[in-house]
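Engineer: Quick one: this structure, given as structure tokens, is what I'll be asking you about.
The values are calculated or read from the model by the stated rules, or taken from the named source; none is laboratory data. All figures in this text were calculated on a predicted structure; none of them were measured in a lab. Note: ideal-geometry Cβ built from the backbone for every residue, glycine included; neighbour counts use all protein chains shown. Surface areas here come from the heavy atoms of the whole protein model, side chains and all, with no ligands, DNA or RNA. Shrake-Rupley method; radii C 1.70, N 1.55, O 1.52, S 1.80 Å.
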Amino acid sequence: MSLTNRSLVSTLDFTVGEQDKLLTLAEIIMKTPKEYRHLLDGRVMASLFFEPSTRTRLSFEAAALRLGGQVIGFSEASSSSAAKGESLSDTIRTVSQYADIIVIRHPKEGAAQIAAGASDVPVINAGDGGHEHPTQTLTDLLTIRSIKKHIDGLVVGCCGDLKFGRTVHSLVKNISRYKNVSFIFASPEELRMPRFLRTYLNDNGVMYTETDNMDDCIRHMDVLYMTRVQRERFFNEEDYIRLKDLFILDMNKLKNAKKDMCVLHPLPRVNEIAYEVDADERAAYFQQASCGVYARMALMSMLLEEV
């Protein structure tokens, strides 16, 4: 089934087959980027960020520009008519008259779905509240495929803030569709994986283990997905301070890990990965940032039927 003119709101919007086709295209673009630098000539991407972002916003803008497209938009809600009280639907209906594709990040869960329903052009969810972040998942999967050469059968460790982390929620839902993938969830009790995701895994027969001690299980992991404890998701500053330093990856912990394990992190990093880890060959989070541009280049190309 073609991805042309479709929106990407949820991490499960594409089938595994469609997703693998997209990842293959991203790998091709990664190897031969010059062949795609005029693919979106004359096309306009609207970048609507109602919530602060550095990596995701710049990654999308870089992807559009590298394909020859142009970018319009804003980087904070105060720069838009939302500050005047305009509804999200009206904003999207208007912007879809100016652009060929819309990328939206919003602090409220479900905002991307509302945008997709109001738009005349494809909409890409660049993160909505603590809900989902599907293009980060495409980035994560592309990075894993680039390093491990496969996804089936991997043991994926997820560590840190598993309650509020939209990136890890999207990844778990998506990658669990591949054959024989299993999970190890390491977090404090207060930040454990939400019930709805555990129910999803149980209903689909996906194996997972929960622990509050990463040291005991890191040796089993093929992939370790670290996350930061997100200050902006807490209502109580004392809770944030109490939990933020409980899971820190350093070289001492990596001594027990597989030599070919890869360490991922959606970034930004605060202190959950020690800087000494950056020099280790298993550290893949900056490679991950690079993969994000190519994943988004492939996505926009397919949604706009340019490949």
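Engineer: On the basis of being of a type in the set (Lys, Arg), open to solvent by 50 Å² or more (accessible area, probe 1.4 Å) and under 21 Å from Ser290 (Cβ atoms), does Arg105 make the cut?
Structural biologist: no
Engineer: Among the helices (runs of 4 or more DSSP H) lying completely within the stretch 192-256, list those that include at least 1 residues that are in contact with an Asp or Glu (Cβ under 7 Å, 6 or more places away or on another chain) and either closer than 12 Å to Leu162 by Cβ or modelled with pLDDT under 80 (or both).
Structural biologist: 237-243
Engineer: Quick check on Ser53: is it in a loop (DSSP other than H, G, I, E, B), farther than 17 Å from Met297 by Cβ and of a type in the set (Gly, Ala, Ser)?
Structural biologist: Taking the combined requirement at face value, the residue satisfies it.
Engineer: Considering every residue within the stretch 284-301, establish whether at least one is open to solvent by 10 Å² or more (accessible area, probe 1.4 Å) and in contact with a strand residue (DSSP E or B) (Cβ under 7 Å, 6 or more places away or on another chain).
Structural biologist: no
Engineer: On to the next question. Would you please name the residue that is most open to solvent (accessible area, probe 1.4 Å), looking only at residues in the stretch 261-277 that are out of contact with any helix residue (DSSP H, G or I) (no Cβ under 8 Å at 6 or more places or on another chain) and of a type outside the set (A, V, I, L, M)?
Structural biologist: Here the residue is Tyr275.
Engineer: Which of the residues spanning the stretch 57-71 are in contact (Cβ under 8 Å) with a residue 60 or more places away in the chain and part of a helix (DSSP H, G or I)?
Structural biologist: Arg57, Ser59, Phe60, Ala62, Ala63, Ala64, Arg66
Engineer: Also, I was wondering about something else. Name the pairs: first residue in the stretch 29-56 and open to solvent by 40 Å² or more (accessible area, probe 1.4 Å), second residue of a type in the set (Phe, Trp, Tyr), Cβ to Cβ under 9 Å, at least 6 apart or on different chains?
Structural biologist: Close Cβ pairs (under 9 Å, with a partner that is of a type in the set (Phe, Trp, Tyr)) amount to Met30/Tyr294; Pro33/Tyr294.
Engineer: Looking only at the stretch 160-180, which residues are open to solvent by 10 Å² or more (accessible area, probe 1.4 Å) and of a type outside the set (Phe, Trp, Tyr)?
Structural biologist: Selection gives Lys163, Arg166, Thr167, Lys173, Ser176, Arg177, Lys179, Asn180.
Engineer: Further, regarding this structure: Filter the stretch 128-159 down to residues that are among the polar types (S, T, N, Q) and in contact with a Lys or Arg (Cβ under 9 Å, 6 or more places away or on another chain) and give me whichever is surrounded by the most Cβ atoms within 10 Å (Cβ to Cβ).
Structural biologist: Thr139
Engineer: Being open to solvent by 60 Å² or more (accessible area, probe 1.4 Å) and of a type in the set (D, E, K, R): is that true of Glu76 here?
Structural biologist: When the stated conditions are applied, Glu76 passes them.
Engineer: Here are some conditions: (1) aliphatic (A, V, I, L, M); (2) at pLDDT below 95; (3) farther than 24 Å from Ala62 by Cα. Leu267 meets all but one. Which one does it not meet?
Structural biologist: (3)
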